[in-house]
Amino acid sequence: MRTRAVADRRSADRRSPDPRRFESLLGAFIEDLRVKRYAPSSEKRAINALPRFFIHLRDEGVRDLRAVGEAHLASYARKLRAAIARYSGAPLRPMTRRGYLHVVRRFFAFLTRTGVLLRNPAADLVLPKPDHLPRTVLTPRQAERLIHSPSRWSWLGQREWAILELLYGTGIRRGECVRLDVSDVDLQQGTVLVRDAKGKRDRLIPIPARAAIALDVYLRESRPEIVKDPRERALFLSYTTGSRGRRLAAGSINVIVTKHTRAAKIPHHVHPHALRHSCATHLLQGGADLKHAQELLGHRRITSTATYTRVSVKDLLKVFERSHPRERRPRRRARAR
């Protein structure tokens, strides 16, 4: 009887995770993100953020997540506000703190949904507001110089040319770019399928003509020379020793953008995401509809598109005057001669 009781208790533990075992709950949360097809960046963010939160709870004397209350979460938010970034030595930016707290809020929502907790103490957790507009947005001339920087006559140059054209031409994210397979690109139809994008959604987007030309050159001339295994599905391949012919790493995209930013003599630190912002901003400045930009970028809410694109008040005024019925000037009738 005693052996059976122990077995029943162990079986129950497997069905319902112990709220006192923080790390096991983290593993269950990560698995839930994978099942729901969240982007790998969401997993990485949770792996980085939650252990920091667990240390805070233990410092506060909390050994059971059922004992966590709003006061513990508020003290953690205050600790983040006073924290110093490891590399820069500056206080954590509001967007960084927002990311940490967003993971905590999603974690407690998961615990409540799965029955580990009866109530969600993070339901009303307030996230810091962004302190500024998105990263540097290039001018059209700077974007053109950047894209023209890679050589058209080398395998690496053709690969980097295709990457820069695709990032700026379609506005896809860095992670979406490196996850592309050859089969996702249809040059005949002029489309690229972005799989497992942020928000667990796939989207089909058009490839601009210049990006299509760069991709065609890369696929015909460079990729066959770089690939080692004919079964490799990745679109963009690494050329470094030890990983040649395998899928290009996300960090390599940073290196490529930084290298050609310097070569193009652009006086800014340009991150790959800046090409996404630049793409959307230039589209809107050129008269594109905000809804179309939202579909291209894959934003669930149109407010995200408005936040991640820099459109000047002057540009908005032009759209307003062109589009709003009260602002359209009536045509003057020609005077009879």
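Some notes on this structure:
- Cβ pairs under 6 Å, 6+ apart, first in the stretch 258-287 and in the same structural domain as I172 (by TED's automatic domain parsing) and surrounded by fewer than 23 Cβ atoms within 10 Å (Cβ to Cβ), second assigned to a helix (DSSP H, G or I) and polar (S, T, N, Q): I266/Q142
- Residues within the stretch 220-249 that are part of a helix (DSSP H, G or I), in contact (Cβ under 8 Å) with a residue 40 or more places away in the chain and out of contact with any Gly (no Cβ under 9 Å at 6 or more places or on another chain), tallied: 3
- Tally of residues being assigned to a loop (DSSP other than H, G, I, E, B), in contact with a Phe, Trp or Tyr (Cβ under 8 Å, 6 or more places away or on another chain) and not aliphatic (A, V, I, L, M) across the stretch 105-131: 2
- Meets criteria (under 17 Å from the mean Cα position of the chain (by Cα), more than 17 Å from W161 (Cα to Cα) and crowded, with 16+ Cβ neighbours inside 10 Å) for V227: no
- Tally of residues being in contact (Cβ under 8 Å) with a residue 24 or more places away in the chain, assigned to a helix (DSSP H, G or I) and among the hydrophobic types (A, V, I, L, M, F, W, C) across the stretch 57-95: 5
- Of all residues in the stretch 174-184, one or more are in the same structural domain as A234 (by TED's automatic domain parsing), in a loop (DSSP other than H, G, I, E, B) and either without any contact (Cβ under 8 Å) to a residue 60 or more places away in the chain or buried (at least 17 other Cβ atoms within 10 Å of the Cβ) (or both).
- Some residue of the stretch 62-75 being touching a helix residue (DSSP H, G or I) at 6+ places or on another chain (Cβ under 6 Å) and of a type outside the set (A, V, I, L, M, F, W, C): no
- For V35: the one exception among (1) surrounded by 13 or more Cβ atoms within 10 Å (Cβ to Cβ); (2) at pLDDT below 90: (1)
- Filter pass, D216 being in a loop (DSSP other than H, G, I, E, B) and either under 26 Å from G245 (Cβ atoms) or not β-branched (V, I, T) (or both): no
- Filtering the stretch 147-163 to residues that are in contact with a Pro (Cβ under 7 Å, 6 or more places away or on another chain) and touching a residue at least 40 places away in the same chain (Cβ under 8 Å) leaves E160, W161.
- Put simply, of L73, L26 the only residue that is within 25 Å of the chain's Cα centre (by Cα), closer than 27 Å to K129 by Cα and at pLDDT 85 or above is L26.
- Residues in the stretch 120-153 that are among the basic types (K, R) and loosely packed, with under 13 Cβ neighbours inside 10 Å were compared, and the one that is modelled with the lowest pLDDT is K129.
- Residue among F22, F54 that is closer than 16 Å to L111 by Cα and touching a residue at least 40 places away in the same chain (Cβ under 8 Å): F22
The values are calculated or read from the model by the stated rules, or taken from the named source; none is laboratory data. Fair warning: this is a prediction, and the values are worked out from it, not measured in the lab. FYI the Cβ positions are ideal-geometry reconstructions off the backbone, even for glycines, and counts take in every protein chain you see.
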